[in-house]
Each structure stands twice: as structure tokens, then as C-alpha cells.
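The values are calculated or read from the model by the stated rules, or taken from the named source; none is laboratory data. Note that the structure is a prediction, hence the values are computed from the model and not measured. In this analysis, Cβ positions are derived from the backbone assuming ideal geometry, glycine residues included, and neighbour counts consider all displayed protein chains.
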Amino acid sequence: MKAPFIMLVDDEVAFAETLAKRLAKRGIETVMAFSGEECLETVTKNQNLDLIVLDVKMPGMDGIETLKNIKKNFPLIEVIMLTGHATVESGINGMKLGAFDYLMKPCNIEEIVPKITDAVQKKRSHEEKIKDAERKEILLKYEP
């Protein structure tokens, strides 16, 4: 399997940078954004992303609003919400809006890596089903 390509979105720069370094050691390529607005700009430039790990509580555009935008414009990209104790309800709300899962902050690396792997596999499986359907459609056009 090709290495996962993910985006970390968190207004806590030190947290995002530390997590990115720990994920890189496990072969997970990351880009970072530090606000909802920056996330949307970055995903537009990197539409080959597999997954976005998105903090719920950020100044400006929060994680829920960012999630809505991602799912509207890039429906195949999976999203894992990061939530603090006070925002568990937001994590659950995020799942109702299409997030793959949510994790409590601070999360440990043993907890997040399997979720990243599962989300990436789900996204790639969806992409393969779409490609198969497109191939079948093309073949049907050429059948007598």
C-alpha cells in the first residue's frame, strides 16, 4: 500500500508539529494547516490527500464548519476529528456530518495510527469502486 498522505489541522502549532514528526517515523506523509481557512486552501492544492485529522476547537472557522466544507467539496477525503473533554459532543456531531471517527486530545500515537490506517483504507476502497464502475460504464458503451 502506498504511504498515507494526510493533513493535520490544529491551531496548537507545537502539537501539530510533534504529531507530524511522530507520524513521519511511521511512514505517514503529512502537511499541516493551523486554521479551518488554511485547511480549505491546502486541501484545494492537495486533492490527493487521503485523510484530514481536524481539531474541533479552533479560532475563526471551527472544526465542524471546516468538516462541512470538506465533505461538500471533497467527499472522498476522510476526516478524523480531534476533540478535548469539553467537546466530545462536537466529535459525535462531526461523525453525524460524515467524519470517519473522533479521538480525544491529547491522543497517543498507538491510538491514532490504526484509525488513520482504517480511514485511508476506506477512502482508497471507495476510489477503487468508483474506478471499477467507470471502467464498466466505458466497456458497456463498446459492447454490441
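Out of F5, F15, one residue alone is surrounded by fewer than 22 Cβ atoms within 10 Å (Cβ to Cβ) and within 12 Å of the chain's Cα centre (by Cα). It is F5. Within the span defined as region 79-92, every residue fails to be among the acidic types (D, E), modelled with pLDDT under 95 and surrounded by 12 or more Cβ atoms within 10 Å (Cβ to Cβ). Quick one: is K96 out of contact with any Pro (no Cβ under 9 Å at 6 or more places or on another chain) and free of Cβ contacts under 8 Å to residues at least 12 places away in the same chain? Judged against the criteria, K96 is a match. Does N48 qualify as being at pLDDT below 95 and out of contact with any Cys (no Cβ under 8 Å at 6 or more places or on another chain)? In short, yes.
This table checks each residue for (1) outside any helix (DSSP H, G or I); (2) under 28 Å from A14 (Cβ atoms); (3) within 12 Å of the chain's Cα centre (by Cα).
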{"position": "G98", "(1), (2), (3)": "yes, no, yes"}
{"position": "C107", "(1), (2), (3)": "yes, yes, no"}
{"position": "E111", "(1), (2), (3)": "no, yes, no"}
{"position": "T117", "(1), (2), (3)": "no, yes, yes"}
{"position": "V120", "(1), (2), (3)": "no, yes, yes"}
{"position": "E127", "(1), (2), (3)": "no, no, no"}
{"position": "D132", "(1), (2), (3)": "no, no, no"}
{"position": "P144", "(1), (2), (3)": "yes, no, no"}
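Among the residues of region 63-81, is there at least one that is farther than 17 Å from V120 by Cα, out of contact with any Leu (no Cβ under 8 Å at 6 or more places or on another chain) and of a type in the set (D, E)? Yes, because at least one residue in region 63-81 is farther than 17 Å from V120 by Cα, out of contact with any Leu (no Cβ under 8 Å at 6 or more places or on another chain) and of a type in the set (D, E).
Going by the structure shown, is L67 assigned to a helix (DSSP H, G or I) and of a type outside the set (S, T, Y)?
yes
Cβ-Cβ distances below 6 Å connect the following pairs, each with a first residue in region 105-131 that is surrounded by fewer than 15 Cβ atoms within 10 Å (Cβ to Cβ), a second residue that is in a loop (DSSP other than H, G, I, E, B), and a separation of six or more residues or different chains: H126/L76. Within the set I77, I109, the sole residue that is among the aliphatic types (A, V, I, L, M), under 19 Å from R26 (Cα atoms) and out of contact with any Gly (no Cβ under 9 Å at 6 or more places or on another chain) turns out to be I109. Can you work out which of the residues in region 9-57 that are basic (K, R) and touching a residue at least 60 places away in the same chain (Cβ under 8 Å) is nearest to M104 (Cα to Cα)? Per the criteria, the residue is R22. The lone criterion from (1) of a type outside the set (V, I, T); (2) part of a loop (DSSP other than H, G, I, E, B); (3) within 17 Å of G98 (Cβ to Cβ) left unmet by D11 is number (3).
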